[in-house]
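Before any comments, here is the structure.
Throughout, read-outs are computed from the coordinates displayed, never taken from laboratory work. This one's a predicted model, so the numbers in the text were calculated from it and none came from an experiment. Here the Cβ is made from the backbone with ideal geometry for all residues, glycine too, and neighbour counts use every protein chain on show.
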C-alpha cells in the first residue's frame, strides 16, 4: 500500500504536466479500503476536488497521471458547470492493494 504522500506527489506532477495551476486543486479525501468482490484485492480510492477546469485540462491531467503511475485509475468523475466557463470537478482515483482474505478456501 502506498502512502498518501506518494499519491499526492503523483497528483502534483500530473498537474504540472497538464499545465494546471496548483491552486485549482482544492482538496483530496482518502476513502476507506473496500474489498474487490471474490478477490484478494482491496480498492483504495481518493477523491480529488478541483475548481474551474476545462475539459481539455482535465483530460490532460488524467492522461499525465496514468503515464506517471500506470497503477492509478480514474474510477469516477463528477462535473459541475460554472456560470461562465469551466467545471468544478470531483475525480476519484483508485489503485488496488493486494490483501489476501484470511481463511479463504480454494
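Computed values, structure above
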{"read-out": "Residues within region 80-106 that are without any contact (Cβ under 8 Å) to a residue 12 or more places away in the chain and either in contact with a helix residue (DSSP H, G or I) (Cβ under 6 Å, 6 or more places away or on another chain) or part of a strand (DSSP E or B) (or both), tallied", "value": "2"}
{"read-out": "Residue that is farthest from the chain's Cα centre (by Cα), among those in region 83-106 that are closer than 17 Å to residue 55 by Cβ and surrounded by 12 or more Cβ atoms within 10 Å (Cβ to Cβ)", "value": "86"}
{"read-out": "Enumeration of residues in region 15-46 that are surrounded by 17 or more Cβ atoms within 10 Å (Cβ to Cβ) and part of a loop (DSSP other than H, G, I, E, B)", "value": "18, 20"}
{"read-out": "Every residue from region 57-75 that is in a helix (DSSP H, G or I) and touching a helix residue (DSSP H, G or I) at 6+ places or on another chain (Cβ under 7 Å)", "value": "61, 64, 65, 68"}
{"read-out": "Region 47-74 - residue that is exposed (fewer than 14 other Cβ atoms within 10 Å of the Cβ) and touching a strand residue (DSSP E or B) at 6+ places or on another chain (Cβ under 9 Å) and, of those, nearest to residue 31 (Cα to Cα)", "value": "71"}
